[in-house]
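A.B. asks: Structure incoming, see below.
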Amino acid sequence: MQKGMHTHRERCVRAVRSKDARFDGWFFTAVLTTRIYCRPSCPVVPPKPENMTFYPSAAACQQAGFRACKRCRPDTSPGSPEWNQRADAVARAMRLIADGVVDREGVPGLAARLGYSTRQIERQLRAELGAGPLALARAQRAQTARLLIETTSLPMAEIAFAAGFSSIRTFNDTVREVFALSPSGLRTRAPGRTAEPGTRPGASGTPGALSLRLPFRAPLNPDNLFGHLAATAVPGVEEWRDGAYRRTLRLPYGHGIATLTPKPDHIACRLTLGDLRDLPVAISRCRRMLDLDADPVAIDDQLRTDPFLAPLVDKAPGRRVPRTVDEGEFALRAVLGQQVSTAAARTHAGRLAVAHGEPVDDPEGGLTHLFPAPGALAALDPESLAMPRTRRTTLLTLAGQLADGTLHLGVESDWEETRGRLLALPGFGPWTVDVIAMRALGDPDAFLPTDLGIRRAAQELGLPSTPAALTARAAAWRPWRAYAVQYLWATDSHPINFLPV
């Protein structure tokens with residue numbers, strides 16, 4: 001698949017006729033006769049080709065006067081894989097919009113984070129997505145509102161506030177315009193909703209918790225994804241419990257707890273939030289951590305062209321890159337993990353969390369703290385850290401730069417520029433920088449040729465095992481080398497490769 005697919009009319013028509021779910025999120029089909037827009041896999045009888053027109057975003061469909069289909073619910077489709085595999089201004093802007101920046105800081109805040117003028121950002125987004133940042137943020141607010149309307153019994157005024165609307169009237173008008181139903185009508189039609197008043201379909205037994213489904217493009221192999229997160233979990237901050245990965249979240253308006261359970265056709269997600277305004281951000285960060293917007297078919301097809309990787313892909317297709325909900329946290333943990341075992345890294349991080357993280361109340365289990373904020377770590381006495389002096393310097397320098405804003409790690413980070421900044425820090429070599437690029441920044445082409453596990457796997461498979469030769473061979477895997485890393489790691493018996501029991 002490729003950038004601007006909505007402009008390739010014949011390919012779009014074929015995708016709609018075949019109801020191919022792989023294309024959901026890549027483009028949207030608007031039907032001129034009914035004024036409805038759908039995802040490509042919509043189960044209804046496809047319209048005649050002459051009645052189809054295609055848009056790159058739900059926001060563009062809404063701006064053109066189309067309303068969302070009640071059958072296929074296009075606003076609930078996985079996000080476009082483009083925003084995770086690109087590092088240009090548009091992709092970085094879309095990641096920020098998903099993270100709620102426009103709602104919190106406005107378009108000027110979005111532009112400032114990207115280093116562009118508001119006019120430049122408006123122009124670039126309209127050229128590629130058919131809508132500006134305000135319209136894109138509005139479409140996201142509508143999706144959040146629908147989620148809360150259908151899965152909770154919250155009063156509509158609270159939902160409007162939580163979804164980011166400035167007034168009840170704007171909330172009502174937007175819901176009617178996008179879904180052709182009033183908010184109360186949308187709640188009545190919610191799938192699986194009982195007729196009993198006051199029920200909360202999708203609610204868990206935990207007060208204040210919301211339960212929802214996170215869609216993904218099949219296939220998804222949960223083994224290395226949840227195995228990695230569970231095997232490296234920081235005690236008190238993360239845990240594996242009753243078949244689910246759980247962790248604390250530091251969010252713009254407060255903190256939260258996410259419980260994520262792999263299912264055959266979705267990820268079950270339960271969120272306990274201190275402030276409902278954090279719902280869109282929490283969903284976005286959970287999706288990003290689990291790499292749910294990836295296009296596994298395109299990735300695996302590319303990797304299968306190498307005869308040494310093909311058997312690994314065929315054995316367990318759909319591997320994702322386990323990422324993070326907090327880029328700065330991951331970078332600090334990467335330093336703690338330098339030249340020590342997984343168990344030792346967890347122990348170091350767990351001690352820091354208990355001593356310097358903010359306490360969290362978890363009525364369900366063993367989560368006790370948020371991971372320490374960079375400022376809390378930067379203020380530590382170096383002698384209080386039980387680690388080699390050089391690693392203390394590395395950790396505290398990184399924490400200091402994250403705390404004072406000298407270094408910023410976020411969804412909007414320019415991958416190559418950030419690599420350079422990290423390499424300039426004391427104690428940062430290529431392995432540390434690339435593992436941060438892969439798992440924190442989200443670069444799908446990050447590669448670890450010096451990693452011991454990768455070199456061991458390469459040697460067993462008959463691939464070149466020296467870093468230079470392996471890097472040359474891996475050129476054929478681009479732009480998906482981070483996914484090749486997952487397949488190579490999976491040849492080992494390390495716990496990161498297995499779904500916990």
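The values are calculated or read from the model by the stated rules, or taken from the named source; none is laboratory data. As the structure is a computational prediction, the values presented were derived from the model and not from experiment. Here the Cβ is made from the backbone with ideal geometry for all residues, glycine too, and neighbour counts use every protein chain on show.
A.B. asks: What tally of residues in segment 56-73 results from selecting those that are in a strand (DSSP E or B) and either closer than 22 Å to R213 by Cα or at pLDDT below 90 (or both)?
C.D. replies: 1
A.B. asks: A further question follows. If you check every pair at least six apart or on different chains, which have Cβ atoms under 6 Å apart with a residue in segment 351-374 that is in contact (Cβ under 8 Å) with a residue 40 or more places away in the chain and within 15 Å of G254 (Cβ to Cβ) first and a residue that is part of a loop (DSSP other than H, G, I, E, B) and acidic (D, E) second?
C.D. replies: Once the first residue is in contact (Cβ under 8 Å) with a residue 40 or more places away in the chain and within 15 Å of G254 (Cβ to Cβ) and sits in segment 351-374, its partners that are part of a loop (DSSP other than H, G, I, E, B) and acidic (D, E) give L370/E358.
A.B. asks: Going by what's in this entry, would I267 be described as more than 21 Å from R141 (Cα to Cα), buried (at least 20 other Cβ atoms within 10 Å of the Cβ) and touching a Ser or Thr at 6+ places or on another chain (Cβ under 8 Å)?
C.D. replies: yes
Rundown of residues vs (1) farther than 22 Å from P296 by Cα; (2) part of a helix (DSSP H, G or I), yes/no style:
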site	(1), (2)
R11	no, yes
A15	no, yes
K19	no, no
R22	no, yes
F28	no, no
T33	yes, no
C42	no, no
P47	yes, no
F54	yes, no
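A.B. asks: Run down L425, L441 and say which single residue is under 21 Å from the mean Cα position of the chain (by Cα), farther than 21 Å from P495 by Cα and crowded, with 16+ Cβ neighbours inside 10 Å. Steps first, please.
C.D. replies: Details: L425 fails: under 21 Å from the mean Cα position of the chain (by Cα).
That would be L441, the only listed residue that is under 21 Å from the mean Cα position of the chain (by Cα), farther than 21 Å from P495 by Cα and crowded, with 16+ Cβ neighbours inside 10 Å.
A.B. asks: If we scan segment 58-66, do we find a residue that is within 30 Å of F161 (Cβ to Cβ) and among the polar types (S, T, N, Q)?
C.D. replies: Yes.
A.B. asks: Could you check segment 367-396 and list, in sequence order, the residues that are more than 22 Å from R421 (Cβ to Cβ), touching a Gly at 6+ places or on another chain (Cβ under 7 Å) and assigned to a loop (DSSP other than H, G, I, E, B)?
C.D. replies: Scanning segment 367-396 gives L367, T368, L370.
A.B. asks: Of the residues R17, R11, which is in contact (Cβ under 8 Å) with a residue 12 or more places away in the chain and surrounded by fewer than 19 Cβ atoms within 10 Å (Cβ to Cβ)?
C.D. replies: Numbers: R11 fails: in contact (Cβ under 8 Å) with a residue 12 or more places away in the chain.
Answer to the selection: R17.
A.B. asks: Let me ask something additional. Give the residue, chosen from R123, R119, R95, that is assigned to a helix (DSSP H, G or I) and closer than 20 Å to E416 by Cβ.
C.D. replies: Answer to the selection: R95.
A.B. asks: Please indicate, with yes or no, whether at least one residue in segment 283-290 is at pLDDT below 95 and farther than 20 Å from M438 by Cα.
C.D. replies: There is at least one residue in segment 283-290 that is at pLDDT below 95 and farther than 20 Å from M438 by Cα.
A.B. asks: Would you kindly identify the helices (runs of 4 or more DSSP H) lying entirely within segment 220-322 that contain at least 1 residues that are touching a residue at least 12 places away in the same chain (Cβ under 8 Å) and closer than 30 Å to A162 by Cβ?
C.D. replies: Correct list: 222-231, 279-289.
A.B. asks: While we're looking at this one, here's another question. Being surrounded by 19 or more Cβ atoms within 10 Å (Cβ to Cβ), in contact with a helix residue (DSSP H, G or I) (Cβ under 6 Å, 6 or more places away or on another chain), closer than 21 Å to M94 by Cα and at pLDDT 95 or above is the requirement here; does P449 meet it? Please lay out each step first, then the result.
C.D. replies: On the way: surrounded by 19 or more Cβ atoms within 10 Å (Cβ to Cβ): yes; in contact with a helix residue (DSSP H, G or I) (Cβ under 6 Å, 6 or more places away or on another chain): yes; closer than 21 Å to M94 by Cα: no; at pLDDT 95 or above: yes.
When the stated conditions are applied, P449 does not pass them.
A.B. asks: Out of all the residues in segment 183-196, which are at pLDDT 70 or above and either farther than 14 Å from L148 by Cα or part of a helix (DSSP H, G or I) (or both)?
C.D. replies: P183, S184, G185, L186, R187, T188
A.B. asks: Yes or no: D434 closer than 27 Å to Q302 by Cα, among the acidic types (D, E), touching a residue at least 24 places away in the same chain (Cβ under 8 Å) and not assigned by TED's automatic domain parsing to the domain that holds N224?
C.D. replies: Details: closer than 27 Å to Q302 by Cα: yes; among the acidic types (D, E): yes; touching a residue at least 24 places away in the same chain (Cβ under 8 Å): no; not assigned by TED's automatic domain parsing to the domain that holds N224: yes.
In short, no.
A.B. asks: Considering each residue of segment 126-154, count those that are in contact with a Lys or Arg (Cβ under 8 Å, 6 or more places away or on another chain) and either in the same structural domain as F54 (by TED's automatic domain parsing) or not in a helix (DSSP H, G or I) (or both), and give that number.
C.D. replies: Qualifying residue count for the region: 3.
A.B. asks: Restricting attention to segment 330-363, report how many residues are buried (at least 23 other Cβ atoms within 10 Å of the Cβ) and among the charged types (D, E, K, R).
C.D. replies: Residues that pass the stated criteria total 1.
A.B. asks: Given (1) of a type outside the set (S, T, N, Q); (2) surrounded by fewer than 17 Cβ atoms within 10 Å (Cβ to Cβ); (3) touching a residue at least 24 places away in the same chain (Cβ under 8 Å); (4) more than 18 Å from R288 (Cβ to Cβ), where does P108 come up short, assuming only one miss?
C.D. replies: Here P108 meets the rest and fails (3).
A.B. asks: Let me spell it out: the conditions are (1) within 20 Å of Q143 (Cβ to Cβ); (2) more than 26 Å from the chain's Cα centre (by Cα); (3) among the small types (G, A, S), and S41 meets all of them except one. Which number is the exception?
C.D. replies: (2)
A.B. asks: Examine segment 341-355 for a residue that is on the phi > 0 side of the Ramachandran plot, in contact with a helix residue (DSSP H, G or I) (Cβ under 6 Å, 6 or more places away or on another chain) and not hydroxyl-bearing (S, T, Y), and state whether such a residue exists. Write out each step before concluding.
C.D. replies: Our first condition is that a residue be on the phi > 0 side of the Ramachandran plot; within segment 341-355, this holds for none.
Checking segment 341-355: not a single residue is on the phi > 0 side of the Ramachandran plot, in contact with a helix residue (DSSP H, G or I) (Cβ under 6 Å, 6 or more places away or on another chain) and not hydroxyl-bearing (S, T, Y).
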